[in-house]
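Right, one structure below, let's go through it.
The values are calculated or read from the model by the stated rules, or taken from the named source; none is laboratory data. These numbers come from a predicted model, not from an experiment. Backbone-built Cβ (ideal geometry, glycine too); neighbour counts: all protein chains shown.
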Amino acid sequence: MLDPLLIRKNINQIAAGLSRRGFELDVELLNTLEAERKGLQSETESLQAERNQSAKSIGQAKAKGEDVQPLLDAVANLSDELKAKQARLSELQAQTNDYLLTLPNIPDASVPQGKSEDDNQEIRLWGEPTRFEFEPKDHVDLGEGLSMVDFNTAAKISSARFVVLHKGIARLQRALTQYMLDLHTQEHGYDEVYVPYLVNADSLIGTGQLPKFAEDQFTTEADPKLYLIPTAEVPITNIVRDEIIDDAVLPLKRVAHTPCFRREAGSYGRDTRGMIRQHQFEKVELVCVCRPEESAEMLDTLTGHAEQVLKNLNLPYRMVNLCTGDLGFSSTKTYDLEVWLPGQDTYREISSCSLFQDFQARRLKTRWKNPATGKNELLHTLNGSGLAVGRCLVAVMENYQNEDGSIRVPEVLQPYMGGQTLISRG
RNA sequence: GGAGAGCUGGCAGAGUGGUCGAAUGCGGCGGUCUUGAAAACCGUUGUCUGUAAUAGGACCGGGGGUUCGAAUCCCUCGCUCUCCGCCA
């Protein structure tokens, strides 16, 4: 959420910031709500003050045994008037808050202006697109050729956009997961957490998926309604909801492996072939909660941690700075890592690393006692995929393929595969 | 699934309709004393909102109600604990 105080005081600046990403702020609506709220709130509060004062007087008079009837008569109408004003005030506040929750974050100054992913800015390339002496296959042909990737059976069990993996490929996915977790916990200083895969609405509001993106979430019929997590970002980040964090433990760096569940409501017909866009996929997620002054540098550091996985797997990738039009709802700045996929002859997103500044923290009420000011202040949050395991599996399959359809096991994964170096048929 | 108990400030724990935002203890912070430390003693110590600064307002698990007045009474939801049953 954007700072309501800043919206009140400097609405034009906010509107200008939002227009960079093509979002039009309803200035008139906010001004109308604010005009009525301001007066009503001070009226309500003085009525409350009056009520408190007279209740006190009645109490004192009663204690002395005096007749309180005149005092009671004097405040006879106060209660009704107060109730009416309170009701209208909370209506206004709810209306304002509902609207504020739908406002996206303002892009950082260093985010390039643009409308779509075509305007994203390439920061760097690592490695060269893998070359083959033969025509490389995509992961679907490779996986089906090995009889280890089965979309039809998944569709029978569940529906489209699910997959069943067997044997070496199933194990390769598990190896990737374990490797990533070990790298981030042992080399990069993250604490491993295990979290719920079903979360409540408050958690999704906290990180920004609700109220605006309800149609993207899988839900349960349970009461209270629970949502399947679209990313581990939700449960990990919500650990610090409604918390005041001790300065000594900052920055908090946490990593979890979870399945992720997405409706993909807006992408019918997109990436229908293969495992690129599934309703259920594995991801290792990095989340950081830090002091405001260290967050900008932390984005580079965290992105570097995700990049390290690709480097160690020797997978060619490029890093892009998302333009204002491609930026996610809660983000001020996002670096995407795109891995080279020979089967598609292109780079595809495999990690998205974002700095939210205080946008999520304000929704979450995540604060720290700043030792410099002695005050409770909002922290900054970041997260990044480290990496999307399902897509990483695709990348390994396609980049490590042999002409006969077998797949070499990347060196760093071999210990996680019991020393196996090749995945082949039979 | 059945029966019961509870949810109060960083923690423990009082408070059952009227100067209660809340006793007391512990912890934290500051000070006195001390060569230093401990002990002891003194002071201080929740969050949010609001103001130029005062003032004012809200918060005792969440929401609603009764009342001039609610931490305290009623309803409802959530959570924790104990016992019984069931399942693993």
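When residues of region A:364-391 are filtered for being in contact (Cβ under 8 Å) with a residue 24 or more places away in the chain and more than 11 Å from A:V240 (Cα to Cα), how many remain? Result for region A:364-391: 17.
Considering only residues that are of a type in the set (A, V, I, L, M, F, W, C), assigned to a helix (DSSP H, G or I), in contact (Cβ under 8 Å) with a residue 12 or more places away in the chain and away from RNA strand B (no atom under 11 Å from the Cβ), which ones fall in region A:8-53? Across region A:8-53, the qualifying residues are A:I11, A:I14, A:A15, A:L18, A:V27, A:L29, A:L30, A:L33, A:L40. Would you check if there is a residue in region A:89-100 being surrounded by 14 or more Cβ atoms within 10 Å (Cβ to Cβ) and away from RNA strand B (no atom under 16 Å from the Cβ)? Yes, region A:89-100 contains at least one residue that is surrounded by 14 or more Cβ atoms within 10 Å (Cβ to Cβ) and away from RNA strand B (no atom under 16 Å from the Cβ).
Filtering region A:312-361 to residues that are under 28 Å from A:T207 (Cα atoms) and among the polar types (S, T, N, Q) leaves A:N321, A:T324, A:S330, A:S331, A:T332, A:T334, A:S351, A:S352, A:S354, A:Q357, A:Q360.
The residue that is surrounded by the fewest Cβ atoms within 10 Å (Cβ to Cβ), counting only those in region A:225-271 that are among the polar types (S, T, N, Q) and under 13 Å from the mean Cα position of the chain (by Cα), is A:T231. Look at A:A76 and say whether it is assigned to a loop (DSSP other than H, G, I, E, B), away from RNA strand B (no atom under 11 Å from the Cβ) and of a type in the set (G, A, S). Judged against the criteria, A:A76 is not a match.
If you check A:K83, A:K64, A:K56 for being more than 10 Å from RNA strand B (Cβ to nearest atom) and modelled with pLDDT under 90, only one passes: A:K64. Please specify each residue of region A:328-371 satisfying the condition of being more than 16 Å from RNA strand B (Cβ to nearest atom), hydrophobic (A, V, I, L, M, F, W, C) and buried (at least 24 other Cβ atoms within 10 Å of the Cβ). Across region A:328-371, the qualifying residues are A:L337, A:V339, A:W340, A:L341, A:I350, A:C353, A:L355, A:F356. Taking the residues in region A:261-295 that are touching a residue at least 60 places away in the same chain (Cβ under 8 Å) and among the small types (G, A, S) as candidates, determine which candidate is farthest from A:L204 (Cα to Cα). My answer is A:G274.
Counting the residues of region A:101-127 that are in a helix (DSSP H, G or I) and either among the aromatic types (F, W, Y) or surrounded by 13 or more Cβ atoms within 10 Å (Cβ to Cβ) (or both) gives 3. Among the residues making up region A:230-260, those that are in a loop (DSSP other than H, G, I, E, B) and within 15 Å of A:V287 (Cα to Cα) are A:P230, A:T231, A:A232, A:I239, A:V240, A:R241, A:L250, A:P251. Counting the residues of region A:372-416 that are β-branched (V, I, T) and within 16 Å of RNA strand B (Cβ to nearest atom) gives 1.
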